[in-house]
Structure formats: structure tokens, C-alpha cells
Amino acid sequence: MNAPIRSIRGMNDILPEEMHFWKRLEVAAERTFAAFDYQQIRLPILEKTDVFTRAIGSATDVVSKEMYSFEDRKGESLSLRPEGTAGLVRAALQNGLLYGPVQRLWYEGPMFRYERPQKGRSRQFHQIGAELFGAAGADADVEILSMGTQLWRTLGLNKLRLEINTLGNAQERHAYRDKLQVFLRQHQSELDAETNERAERNPLRVLDSKNPDVQALLADAPLLIDQLGDASKQHYEEVKRCLQLLGIEFHENPKLVRGLDYYSHTVFEWISEDLGAQGTVCAGGRYDSLVEIQGGKPWPGIGFAMGKERLIELLKQQNETAEPQVHAYLVAVGEHSAESAAKLAYDLRACIPELRLVTNLNGGSFKAQFKRADRSGAELALVLGEEELQADKLAIKFLRSGDEQLSLARQDVTSWIRNHIESR
């Protein structure tokens, strides 16, 4: 006998008891985005590797260590998407969505990175993202930030902390990168091998190191804000002023950077203290050079992506019921009861779309079926026995409340069940 095949490490099944949380997040996101007139776009999971190497940068950990890349039968390098923004820009360019009115788009789906699986981080993970193209001002940054804030309120996630920073424009950031690299090289002997390697490849990522010794050393490092010109400083000040006007609380974090090369100006993260080391649940920023990097004319953009798994972990911590309760279980015993039950169930589901109704399978006595009804968690048992069939009635037994059993004429069943569900 063959041994059962198991899933790939870091690529996890999402089981039925978890789907309520996923649906809740997805519905809340879709409604929030619709309120801001963002349109959904669906993107391929597989892209040409150049889509990501151009946008993300070959020196980043994502490209150099984490991407799932391979050659197809024609020798072309393809990659499973490690993030959504680069592919969305490719799609926007290819399909003529840019260079006109402001474009507001959102996406969701699985992403893939080959990294060490741990709580809140897997090799196949899921993101929801939103992107705004064609607006370079601080008001666009604030729209994105206010939309994220609205989503957290809808979900009841009231303890997320918004951190913001500015990376300036490309020239300012590159000048700072060089100064920071000089500083880190002067302290090579005080840094571990991994940090020294990162300092050579992508020194800005050293700023968000989780190593307390590295953070202590960075207290004397040069600051990016000192490299910014007047225009970049003004943009950042306008963002902060508008957030204060809206009453959106934020914390400035001068060491906040993004791991991808295409970001500039405003960057931000929403962080939870309830997830341990993997506390960032949503991150993003402005990327005014990305469209040009991907082969288009310069065009401004800003957006964010949120990790579904981490947000769902927070939703689970709210101690709500994991799965909506089954409304009714249909018990049927006697000659022709199965056919009558099937017709009743079909009619009820057609007339009451929100009804969660379980029909009994594999026969069984009344006692056996009532045990199944109880295990299902149903509130009601709809009972079709010999007496009910002959009298064209349906008995309703209350499995949870202990109320007295009802007997209804068949023509009254649909309206009674609909009214009962609406009154809960």
C-alpha cells in the first residue's frame, strides 16, 4: 500500500473551519475598496522572471534567495509571483490602463517565496493589495492610508499601529544608501556575517534588522531625512498634516524602509503587537519610478499589500464563532420520505438563499438522525415522518432552546423559516 502524499512544506491547506475568517476578511476588503471606487483585477500566478527582477531588484533577498523560478520548455525563465505590484504594473501597461484618468485597482491571491516557514509566514501565502496610479500628490497617499484605516475599523482591528516614513526620491535615496554603506563598512567587525552581506547588497534593509545589537549600533548612523530636498520634505509634511486632520493616528519611524527597490517617498506599515515577531500585517508606499522600470513612461503610483494569514490570526483572537451556525437539519424517516425531503430541501434553498440547511444522508432511524442533527450544531430539526407525510405537514423541533415542538402545514413552512432566520 502506498504511503499518503503530504503537502509541500510551507504550502498549507485551508480547512473548512477556517474559511469563515477568510470570507469575512475578503468581503470586508471588497466592500471597503468599493466605497473608494477601486476596481478588482485578477493577475496570473506565473510571470516572466524579468517582471520581478526589473522591479524588485536583483540585490534583494526576494530575487536572490526566495523566488520560485524555472525554465519552461522553450528555455524562458518564469517565476511564481512573490508579490503583486510588479505584475499589476505589467498588466496595466500591457492593457492600456495608464496615462489617462486616475486608476484605482485592487487584487488578491496567493504569492510564493522560498523562506523558512514559521508562524505567520509560509511559502505559499495570500495577499490583498490596492494600487492607485496617476496621482503624485500627498492627497493620494492619504487616500490609501485612510482606506486601510477604514478596513481595520470594519474588521474591528482597533489596536493596529500605523508607522510612516519617507524615502525621498531615487537620487536622494541613492545618496543616503552610499553614506549608510560607508558607515556600515566602518563597523564591519561589530556586525554578524549576514548583516555585513546585506550591507553590501541592500544596505537600507539593515535599518529594519531585528538584531538588538545592530539597532544599538544604528543609533549613530546617518539619517535619511538629512538627505532630502525641499520638495520631498514638503510632500512628507503634507501627508502628516492631512493624517492629523483626519484624526488618523500615526508614528514616525525613521528606520522604516521597504525591501523592494522601487519604493520612494511615503512608506508605511500597520503593525500588531499580538503576533510576536511577525507583527507587520499590511505594508506599502509610493513607487513613482516603477512604471518606467517596467518599460513604460514615468507615471506615479502608490499602494499597499496585506497578508491574509496574519490578519486572520488576529480575527481568530477576537474569540468569535469560527463558523456560522447551521440553521436546520432535515430528518426524514418512512416510505417515500427521502423523495419528499429532497423536494422540500430544494424548494427551501431556492426561496431562502441565506438558509444553511443540512439534509440527512445514509438513512437511519429517528434516533440516529437526531444524533447527527445535534452534532451538526443545527438550531432546528425539520422532521418528516409517516404522520407528517400523510398530513402534508412538517414538525419543527428546537434543538438548542428547548421550546415546544411545532407542527406546520407544508405551505406555511417557507415563510415561518424565513421569519425565524430574520428575527435571530
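The values are calculated or read from the model by the stated rules, or taken from the named source; none is laboratory data. Since this is a predicted model, take the numbers as computed values, not measurements. Heads up, the Cβs are rebuilt from the backbone with ideal geometry, glycines too, and the neighbour counts pull from every protein chain shown.
Assess whether Gly168 counts as being farther than 18 Å from Lys23 by Cα and among the small types (Gly, Ala, Ser). Show your work before the answer.
Working: farther than 18 Å from Lys23 by Cα: yes; among the small types (Gly, Ala, Ser): yes.
Yes.
Check Gly100 against each of (1) loosely packed, with under 14 Cβ neighbours inside 10 Å; (2) not in a loop (DSSP other than H, G, I, E, B) and name the one condition it does not meet.
(2)
Considering Gly87, Gly10, which residue is surrounded by 15 or more Cβ atoms within 10 Å (Cβ to Cβ) and on the phi > 0 side of the Ramachandran plot?
Details: Gly87 fails: on the phi > 0 side of the Ramachandran plot.
From the options Gly87, Gly10, the qualifying one is Gly10.
Could you check the range 365-390 and list, in sequence order, the residues that are loosely packed, with under 13 Cβ neighbours inside 10 Å and not in a loop (DSSP other than H, G, I, E, B)? Quick ask: steps written out before the conclusion?
Quick first cut of the range 365-390, residues loosely packed, with under 13 Cβ neighbours inside 10 Å only: 365, 367, 371, 375, 386-387, 390.
Selection gives Lys367, Lys371, Arg375, Glu386, Glu387, Gln390.
Restricting to the range 391-416, name every residue that is in a helix (DSSP H, G or I) and either closer than 19 Å to Glu354 by Cα or aromatic (Phe, Trp, Tyr) (or both). So that I can check it myself, show each step before the final result.
Narrowing the range 391-416 to residues in a helix (DSSP H, G or I): 391, 410-416.
Scanning the range 391-416 gives Asp412, Val413, Thr414, Ser415, Trp416.
Conditions: (1) in contact with a Lys or Arg (Cβ under 8 Å, 6 or more places away or on another chain); (2) modelled with pLDDT of 85 or more. Arg198 meets all but one. Number of the miss?
(2)
Taking only pairs six or more apart or across chains, which ones have beta-carbon atoms under 6 Å, a first residue in the range 406-424 that is surrounded by 12 or more Cβ atoms within 10 Å (Cβ to Cβ), and a second residue that is among the basic types (Lys, Arg)?
Ser407/Lys393
Within the range 323-357, can you find the residues that are free of Cβ contacts under 8 Å to residues at least 40 places away in the same chain and either under 21 Å from Asp403 (Cα atoms) or not assigned by TED's automatic domain parsing to the domain that holds Asp392 (or both)? Full working, then the answer.
To start, the set of residues in the range 323-357 that are free of Cβ contacts under 8 Å to residues at least 40 places away in the same chain comprises 338-339, 342-343, 345-346, 349-350, 353, 356-357.
Scanning the range 323-357 gives Arg356, Leu357.
When you go through (1) out of contact with any Pro (no Cβ under 6 Å at 6 or more places or on another chain); (2) surrounded by fewer than 21 Cβ atoms within 10 Å (Cβ to Cβ) one by one for Gly129, which number turns out not to apply?
With respect to (1) out of contact with any Pro (no Cβ under 6 Å at 6 or more places or on another chain); (2) surrounded by fewer than 21 Cβ atoms within 10 Å (Cβ to Cβ), Gly129 is out only on (2).
Could you give me the residue pairs with C-beta distances under 7 Å whose first residue belongs to the range 114-130 and is assigned by TED's automatic domain parsing to the domain that holds Ser272 and in a loop (DSSP other than H, G, I, E, B), whose second residue is surrounded by 15 or more Cβ atoms within 10 Å (Cβ to Cβ) and of a type in the set (A, V, I, L, M, F, W, C) wherever it lies, and which are 6+ apart or on separate chains?
Gly120/Leu275; Arg123/Phe112
If you take the residues of the range 46-69 that are part of a loop (DSSP other than H, G, I, E, B) and either at pLDDT below 75 or touching a helix residue (DSSP H, G or I) at 6+ places or on another chain (Cβ under 9 Å) (or both), which of them is farthest from Arg81 (Cα to Cα)? Full working, then the answer.
Pass one, the range 46-69, residues part of a loop (DSSP other than H, G, I, E, B): 57-60, 67-68.
Going one step further and asking which of them are either at pLDDT below 75 or touching a helix residue (DSSP H, G or I) at 6+ places or on another chain (Cβ under 9 Å) (or both), we end up with 57-60, 67.
Numbers: Gly57: 14, Ser58: 15, Ala59: 17, Thr60: 15, Met67: 8 Å.
Looking at the filtered set, the residue picked out is Ala59.
Given the options Gln318, Gln294, name the one that is closer than 20 Å to Met19 by Cβ, touching a residue at least 40 places away in the same chain (Cβ under 8 Å) and out of contact with any strand residue (DSSP E or B) (no Cβ under 8 Å at 6 or more places or on another chain). Steps first, please.
On the way: Gln294 fails: closer than 20 Å to Met19 by Cβ.
Every option except Gln318 fails the conditions.
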